[in-house]
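Structure first, commentary second.
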Amino acid sequence: NAGVTQTPKFQVLKTGQSMTLQCAQDMNHEYMSWYRQDPGMGLRLIHYSVGAGITDQGEVPNGYNVSRSTTEDFPLRLLSAAPSQTSVYFCASSYSWTSGYEQYFGPGTRLTVT
Amino acid sequence: AQSVTQLGSHVSVSEGALVLLRCNYSSSVPPYLFWYVQYPNQGLQLLLKYTSAATLVKGINGFEAEFKKSETSFHLTKPSAHMSDAAEYFCAVSGDQGAQKLVFGQGTRLTINP
């Protein structure tokens, strides 16, 4: 299993540009989520999904959009990039209460908005 | 709402010394608690988790944590630090808003002195 994969690893955007961060998992996990990591603030939940076709907002959803058309994929869209969205983005997945909801994280995407 | 406080953004210990990283949480329901480790330029890896079974939880790499409900704490310890333990450590809680939604502390950077 590849686990949770994210592309790209690095990205530089200009203010106002849009882009999609890709996330995929091959563990048949129902739950997927996106976090952003900023210095001194830990990780904050952006959006999450409890299954295909179901998404909801987390703590910091503004400026981001998600969809979940398949179990495997959970892309994160930046609609109009702003410098405040410069961050490291992590995708995670987990499957059930039997695992204690342990979340598996991808390697991250480092995004810089100029 | 749930929250996590990690006392000390930086902790420095000598190789072979005790490692103690502090985590206090708030939750209105019995929580799930997690410790994750992040090595430089990598994603997060689960060290250990508490899911209402044993209060003393053993994890990977010789780490363990004790759940103390009366103190709302879940401190991480390791009897003897190794140079390879240098990393950032995150405490996380879930439960209030669904067992799969994690709230992270701000992180503690552990430095090991030779």
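Using heavy-atom solvent-accessible surface (probe 1.4 Å) with all chains present, what is the largest-first order of A:54, B:112, B:60?
From most accessible down to least: A:54, B:60, B:112.
May I ask for the distance between the Cα centers of segment B:46-83 and segment A:1-58, given as a whole number of Å?
28 Å
Taking amide H atoms as placed 1.01 Å from N in the peptide plane, list the residues 5 or more away in sequence, or in a different chain, whose amide H sits under 5 Å from that of residue B:3.
HN-HN under 5 Å from residue B:3: B:26.
Between A:30, A:59, A:72, find the one with the highest GNM mean-square fluctuation for chain A; connect C-alpha pairs within less than 10 Å.
Judging by the Gaussian network model, the answer is A:59.
Sort A:44, A:77, B:22 from largest to smallest accessible area, using a 1.4 Å probe on the heavy atoms of the protein chains.
B:22, A:77, A:44
According to the Kirkwood expression over distinct Cα-Cα pairs, how big is the hydrodynamic radius of the protein assembly as shown, in Å?
18.0 Å
What number of lysine-lysine pairs in segment B:11-114 show an alpha-carbon separation below 20 angstrom, given a sequence spacing of 8 or more or placement on distinct chains?
Counting lysine pairs in segment B:11-114 gives 9.
Mind checking how much accessible area A and B bury in total, 1.4 Å probe, in Å² rounded to 100?
It comes to approximately 1700 Å² buried between A and B.
From the backbone phi of segment B:60-74, what are the Karplus-calculated ³J(HN,Hα) couplings (6.51 cos²θ - 1.76 cosθ + 1.60, θ = phi - 60°) in whole Hz, Gly and Pro given as x?
Listing the rounded values in order: 7, 6, x, 7, 8, 9, 10, 7, 10, 5, 5, 9, 6, 10, 8 Hz.
Using modelled amide H (1.01 Å from N, peptide plane; none on Pro or chain starts), what sits under 5 Å from the amide H of residue A:82, excluding residues fewer than 5 places away?
A:16
Counting partner chain Cβ atoms within 10 Å of every residue's Cβ in B:34-40, what's the average?
The per-residue average across the peptide is 2.
Per-residue Cβ counts within 10 Å, from other chains only, averaged over A:78-86: what number is that?
For peptide A:78-86, the averaged partner shielding equals 0.
Tell me, what ³J(HN,Hα) does each residue in segment B:26-41 have, in order and in whole Hz, if you take phi through Karplus 6.51 cos²θ - 1.76 cosθ + 1.60 with θ = phi - 60° and put x for Gly and Pro?
For segment B:26-41, the Karplus-derived couplings read 10, 7, 8, 10, x, x, 9, 10, 9, 10, 10, 10, 10, 7, x, 6 Hz, x marking Gly and Pro.
Using the Cα centre as the reference, give the magnitude of the dipole from point charges on the C-beta atoms of segment A:1-94 (Lys, Arg: +1; Asp, Glu: -1; all else neutral), rounded to the nearest 20 debye.
In total the dipole reaches around 340 debye.
Using the scaling law 2.2 N^0.38 Å as the reference, what is the normalised Cα Rg of chain A?
That ratio works out to 1.01.
Taking only protein heavy atoms and a 1.4 Å probe, what accessible area per residue, in Å², does segment A:42-85 have with all protein chains in place?
Heavy-atom accessible area per residue stands at 46 Å².
Based on the alpha-carbon gyration tensor of segment A:1-50, what equivalent-ellipsoid semi-axes (square roots of 5 times the eigenvalues) come out, in whole Å, largest first?
Equivalent ellipsoid semi-axes, largest first: 22, 16, 11 Å.
Please compute the average number of Cβ atoms from other chains found within 10 Å of each residue's Cβ in peptide B:43-56.
3
Quantify, in whole percent, the carbon and sulfur part of the accessible surface of chain A (1.4 Å probe; protein heavy atoms only).
The value for chain A is 51 percent carbon and sulfur by accessible area.
The values are calculated or read from the model by the stated rules, or taken from the named source; none is laboratory data. Computed from a predicted structure; not experimentally measured. When we count neighbours, we look across all protein chains shown, and the Cβ atoms used for this are built from the backbone with ideal geometry, even at glycine. Note: areas computed on protein heavy atoms with side chains; ligands, DNA, RNA excluded. Shrake-Rupley method; radii C 1.70, N 1.55, O 1.52, S 1.80 Å.
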